[in-house]
Amino acid sequence: MSQTPEIRFLDRRTPPRTVTLVVLTGLSAMSMTLFLPSLPRIASYFDAPYALVQLAIAGYMAANAVLQIFIGPLADKFGRRPVLLIGLAIFCLATLGCLFAPTIGVFLFFRTIQAAIVVGLALGRAIVRDMYPADEAAARIGYVTMGMALVPMVAPAFGGWLDETVGWQGPFWMLFILGLLVFALIWADLGETGPQSDRTILAQFAEYPELLRSPRFWGYCMASALSSGAFFAYLGGSPYVAGTVFGLSPTQFGLWTAMPGVGYFMGNFMTGLVAARLGINRMVVLGTTTTALGIAGALAVSYAGYGGPIVFFGGMFFVAWGNGMTMPSATSGMLSVRPHLAGTASGLGGAMMVGFGAALSATAGLVLGPGRDETALMWLMISTAVSGLFVILMVVRRERRLGLGRR
């Protein structure tokens, strides 16, 4: 839309209010973190090893990555509204499947299907771009992104309380109830914002090779994937570290998990302050360096004999802070490589990042086990963070050779 649209709340003939999109993307973020404190109890309930139960994170993220490849073209072809409503309906049904699963295999299957909620993350920002001119859209997207950053601060603590009060099913009942409420909100408030494309889905996929032939696109994608991979490894391994290594209750674990959420918020805030002056490459270098130094510092203190929750989660604060600087700037870099393919680049880059994160999350479950402490997880994290720093330095070097100037 070329001008600011008329918006009437709970009128599905008009575009949605910004708060509706904040709620939508918030539910998408919550579905990843609300149940984290329940992983040890789920393992006990199904009498399954932690490495297997941890696939509730890795499998979800893998499905998330695959779906991001298809959601954009499907929404362009059939519209934002039907794709969102179908995704939310699938999420609610899959949540019921998790609740009544008789075996760990059935539980993991339905947990993977829950990834359909990624439609909220994938399309929330696209709807903003449909509704507003570029300058105003940037501000509105900032509000939506802020909601995504705030939810992980409180969701694990609330999930831990539900786990201790109701059992491991508590967080999933909450997701089911919220899923129904958000479905009703989207049905009532979200009118169609995107014109349906006359291009086939296959024609849209045909644009991918142009991006995949670009070394700079790969560089930004891998810098993003490796840096965020340290955080995804943390998601996969932190429930085991908190419960088995540190002996924390689910509620205590949820409270400690707020620290990375605050760190990510601070990283986003710093990006907004200085990114325009420093440029995206310097911001990615700064972010990946912060991530690597945060893990290295926590690892050194742990080997010195002073390890514990404050050291481990304090290190994760800086990991998340670094990611808060890296992710927006690396994403901007991906989109700038081929500006005419920005939408395709966003979906493909997001899929690559989350897919790599799923692999690291699963690896975290494998490196932890009897006789292992938090340092095993931190070694995995620091290797990915340092690799991310190396990749972005290679991107900087290539851009200098191409004479692209300061960025």
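Taken together, the values in this text are just the output of simple stated rules run on the coordinates, not laboratory data. All figures in this text were calculated on a predicted structure; none of them were measured in a lab. A quick note on method: Cβ atoms are made from the backbone with ideal geometry, for glycine too, and the neighbour counts reach across all protein chains shown.
Over the range 207-400, how many percent of alpha carbon pairs lie in each 10 Å bin up to the one with the longest distance?
Result returned by the calculation: 10, 36, 33, 15, 5, 0.
Kindly rank 374-380, 30-36 from highest to lowest mean number of other beta carbons found within 10 Å of each residue.
So the peptides 374-380, 30-36, ranked by packing, come out 30-36, 374-380.
Go through the range 249-257 residue by residue and turn each phi into a ³J(HN,Hα) via Karplus (6.51, -1.76, 1.60, θ = phi - 60°); whole Hz please, and just put x for glycine and proline.
Here the 3J(HN,Hα) series is 6, x, 5, 4, 4, x, 5, 5, 5 Hz.
I need the phi-derived Karplus couplings for the range 318-325: 6.51 cos²θ - 1.76 cosθ + 1.60, θ = phi - 60°, integer Hz, Gly and Pro marked x.
Going residue by residue, I get 6, 4, 5, 4, x, 5, x, 8 Hz, with x marking Gly and Pro.
Taking θ as phi - 60°, what are the ³J(HN,Hα) couplings along the range 228-243 by the Karplus curve (6.51, -1.76, 1.60), each to the nearest whole Hz, with x for Gly and Pro?
5, x, 4, 6, 5, 4, 4, 4, x, x, 5, x, 5, 4, 5, x
Taking other Cβ within 10 Å of each residue's Cβ, how do 127, 295, 69 sort, fewest first?
Sorted ascending by nearby Cβ count, the order is 69, 127, 295.
Net charge within 15 Å of residue 157 by Cβ-Cβ distance, Lys/Arg positive one each and Asp/Glu negative one each, not counting residue 157 itself?
Result for the local shell: -2.
What order do you get for 289, 165, 271 when you list them from fewest to most C-beta neighbours inside 10 Å?
Fewest-to-most ranking of 289, 165, 271: 165, 289, 271.
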